[in-house]
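These notes concern the structure reproduced below.
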Amino acid sequence: MAQIEDIVLLHSKRGMTILKEYCPDDFCRQAAQLILDTARGNVLITTGFYVVGSGETDGPPGAAFLAKALEAVGYHPVIVTDDFCRGFFECENIDTVYAATEMGEADYAAMLDTYTPTLLLSIERCGRNINGDYANMRGISIADHNSKVDYLFELGAARGIPSIGIGDGGNEIGMGNFKEIISSQLSLVPCEVEVTKPVIATVSNWGGYGICAYLEKMTGKHVLPSYAEELEYLDKIVALGSVDGVTKEHVHTVDSYPEEVEAEILAKLHDAIK
């Protein structure tokens, strides 16, 4: 039976299999274990990647289902995102905080003071790169549209708050753990923001589902979504303006992968934990 980490890296197109050589074999399991080893309390989850005026369909689904999983095992999840993702999480009754682009380090320090999170989690969230910019996969700056949520992870690290960062390209929060490898082998300007446990995947949502799969396996609580549940959520956020990050179209595909691939990944994850 395929290992969960192998499943979330199927159909890789952007070099994540190269980074796998530098990860522990059980990187999704380690992230799930970190969650379960962390004191129950608030967990701040950030996501939302700016694409042509909206948030892309990769990130929010993984964040939403991870939030539900965290709630099921005793945490209080709070999403931190931008205004272009407005409504994406309230539609699932998940507490949401909107961060403005002009917010600075002091504002995020105040956010940590307010929520005193026991854990920070990022999924498909653009982080500051080694050139001090926020850029998409094409190297185009999105700094004017991207709030500096990565301050939470740098300030949190100084306070000893553990963190998880899920990415699929190299420019996301958490991929700073691999910045030298990304710079030399993936021809991308990497994010410099590091986390306690990085998670890689072909599609960031899949990395989130991989963690959900382990949480279900470890706790016995049903937290791994079915494809039907994912599709229902995608329909909601597309209706609110979300787009496929590759095609830029208002459709319920993710990173241009066809529906049957999404269905395949979730089916394989369910098989892996039976």
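The values are calculated or read from the model by the stated rules, or taken from the named source; none is laboratory data. As the structure is a prediction and not an experimental result, all values here were calculated from the model. Please note: Cβ atoms are built from the backbone with ideal geometry, for glycine as well, and neighbour counts cover all protein chains shown.
Details
- Residue in segment 136-157 that is modelled with pLDDT of 95 or more, surrounded by fewer than 19 Cβ atoms within 10 Å (Cβ to Cβ) and under 14 Å from Gly176 (Cβ atoms) present: yes
- The condition of being over 16 Å from the mean Cα position of the chain (by Cα) and either assigned to a helix (DSSP H, G or I) or of a type in the set (A, V, I, L, M) (or both) holds for only one of Val199, Val261, that being Val261.
- Selected residue (criterion: surrounded by the fewest Cβ atoms within 10 Å (Cβ to Cβ)) from residues of segment 120-135 that are in contact with a Lys or Arg (Cβ under 8 Å, 6 or more places away or on another chain) and not charged (D, E, K, R): Ile130
- Complete set of residues in segment 125-170 that are more than 13 Å from the chain's Cα centre (by Cα) and in a helix (DSSP H, G or I): Ala143, Asp144, His145, Tyr151, Leu152, Phe153, Glu154, Leu155, Gly156, Ala157, Ala158
- Among the criteria (1) within 15 Å of Gly59 (Cα to Cα); (2) touching a helix residue (DSSP H, G or I) at 6+ places or on another chain (Cβ under 9 Å); (3) at pLDDT 95 or above; (4) buried (at least 24 other Cβ atoms within 10 Å of the Cβ), the one Gly87 does not fulfil is (4).
- Test set (1) in contact (Cβ under 8 Å) with a residue 40 or more places away in the chain; (2) at negative phi; (3) in contact with a helix residue (DSSP H, G or I) (Cβ under 6 Å, 6 or more places away or on another chain) - Pro77 fails condition number: (1)
- Restricting attention to segment 187-235, the residues being aliphatic (A, V, I, L, M), surrounded by 22 or more Cβ atoms within 10 Å (Cβ to Cβ) and under 14 Å from Gln33 (Cα atoms) number 4.
- Any pair with Cβ under 9 angstrom, 6 or more apart, that starts in segment 4-15 at a residue that is on the phi > 0 side of the Ramachandran plot and ends at one that is among the aromatic types (Phe, Trp, Tyr): His11/Tyr257
- If you go through segment 1-45 and keep only what is touching a Leu at 6+ places or on another chain (Cβ under 7 Å) and of a type in the set (Ser, Thr, Tyr), you end up with Thr17, Thr38.
- Residue within segment 9-27 that is at pLDDT 95 or above, buried (at least 20 other Cβ atoms within 10 Å of the Cβ) and under 30 Å from Thr116 (Cα atoms) present: yes
- Residues considered: Asn205, Asn177. Of these, the only one that is without any contact (Cβ under 8 Å) to a residue 40 or more places away in the chain, of a type outside the set (Gly, Ala, Ser), in contact with an Asp or Glu (Cβ under 6 Å, 6 or more places away or on another chain) and closer than 22 Å to Ala31 by Cα is Asn177.
- Enumerated helices (runs of 4 or more DSSP H) restricted to segment 1-107, each holding at least 1 residues that are of a type in the set (Asp, Glu) and over 14 Å from the mean Cα position of the chain (by Cα): 4-7, 27-37, 60-72
- Unique match (being buried (at least 22 other Cβ atoms within 10 Å of the Cβ), modelled with pLDDT of 95 or more and out of contact with any strand residue (DSSP E or B) (no Cβ under 7 Å at 6 or more places or on another chain)) among Ala32, Ala72: Ala32
- Selection of segment 217-258 for residues being in a helix (DSSP H, G or I) and over 21 Å from Asp82 (Cβ atoms) yields Lys217, Met218, Thr219, Tyr227, Ala228, Glu229, Glu230, Leu231, Glu232, Asp235.
- Some residue of segment 245-262 being crowded, with 21+ Cβ neighbours inside 10 Å, among the acidic types (Asp, Glu) and without any contact (Cβ under 8 Å) to a residue 60 or more places away in the chain: yes
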